[in-house]
Amino acid sequence: RRIPALVLSPNEAPVLATGVLWIHGGGYITGMKEMVHMSRAVDLVKRFGVVVVSPGYHLAIQRPFPAAAEDCYSALVYLKDHAQELGIRRDQIMVGGESAGGGLCAAVCLMARDQKSVNIAFQMPLYPMLDDRDTESSRDNHGKVWNTRKNHLAWKLYLRGTDRVSPYAAPARAEDLADLPPAYSFVGDGEPFYAETVRYFARLRAAGVPAELDVYHTDMHAFDMMDPDAALSHRAAETFRQHFAAAQQRFFAPQGERGEL
């Protein structure tokens, strides 16, 4: 698969940096790889010396599922296979993203586990879009930025032509969450994705996966990106940095040959 990608690296990168595949949001129907510049991933480059790869995956308006998931998965495999030329360490490959990018982050982790292709050290699906079914918080939601109407439209476009919804499309449908990478996320308690995020992280912990979730009082989806100067956004950004710093020191996942992880 050939897709465009944006690579961000620090001016003085470590000899071997942590590598992060960061996936942009937009409800699977909008967005672009350049959105990485307004995401939490920029902090990772500037403060932690990380190399970030942001894939320009196909949007649902162009191609429905499985195009986006397969594009992002291919980018992950590329990141592993080209670790040396990208200047990243093969034993610390991470995946993150916001909103639909968070859903794709979770999907890519499932795909990598199931196909035994890439050992992922850590995942950061921020306020992720995980469930095509209505939840307590996505049903009749009129929150800022994202709401029930937009959510229904986005899922309809992403899943068109799909008879049976795959967990790679909607990770909340995955029956088994064991052996997935350690995870961190945050979400607003009034936004559509609140319930599915809380439930997914509870299921990760129940499956034995280290998973930490912070909840903030707001109905603005992606509040840290939409209103970055707000006190709540500063708090979320700083807490995110603290969790990442701990993960960078703690979590490693050495690679084997493909199919031999």
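The values are calculated or read from the model by the stated rules, or taken from the named source; none is laboratory data. As the structure is a computational prediction, the values presented were derived from the model and not from experiment. Positions of Cβ are backbone-derived with ideal geometry, glycine not excepted, and every protein chain shown enters the neighbour counts. The protein model used for the area step is the full one, side chains on, heavy atoms only, and it has no ligands, DNA or RNA in it. Shrake-Rupley method; radii C 1.70, N 1.55, O 1.52, S 1.80 Å.
Points worth noting:
- Full-extension gain in nm, Asp91 to Arg203, via 0.36 nm per residue minus C-alpha separation: 37.7 nm
- A simple spin-label model places pseudo-atoms 7 Å from Cα toward Cβ; at Arg149 and Glu34 they are separated by 2.9 nm.
- Averaging the sequence gap over all C-alpha pairs within less than 8 Å and six or more residues apart, then dividing by the number of residues, gives the range 81-163 a relative contact order of 26 percent.
- Cα pair distances exceeding 27 angstrom across the chain, given as percent: 29 percent
- With at most 16 other Cβ atoms within 10 Å, longest stretch of the chain clear of loop trypsin sites (Lys or Arg not before Pro) (DSSP): 3-115
- For the chain: accessible area per residue (Å², 1.4 Å): 44 Å²
- The range 180-216 residues near the modelled Leu232 label - backbone nitrogen below 18 Å, point 7 Å along Cα→Cβ: 185-198, 213-216
- Note: relative contact order over the range 9-147, using C-alpha pairs below 8 Å and six or more positions apart, is 27 percent.
- Take the Cα of Thr162, step 7 Å toward its Cβ, do the same at His142, and the gap between the two points is 2.9 nm.
- Accessible-area composition of the chain, carbon plus sulfur, in percent [1.4 Å probe]: 49 percent
- In the range 25-78, Cα pairs under 8 Å separated by at least six residues give a relative contact order of 32 percent.
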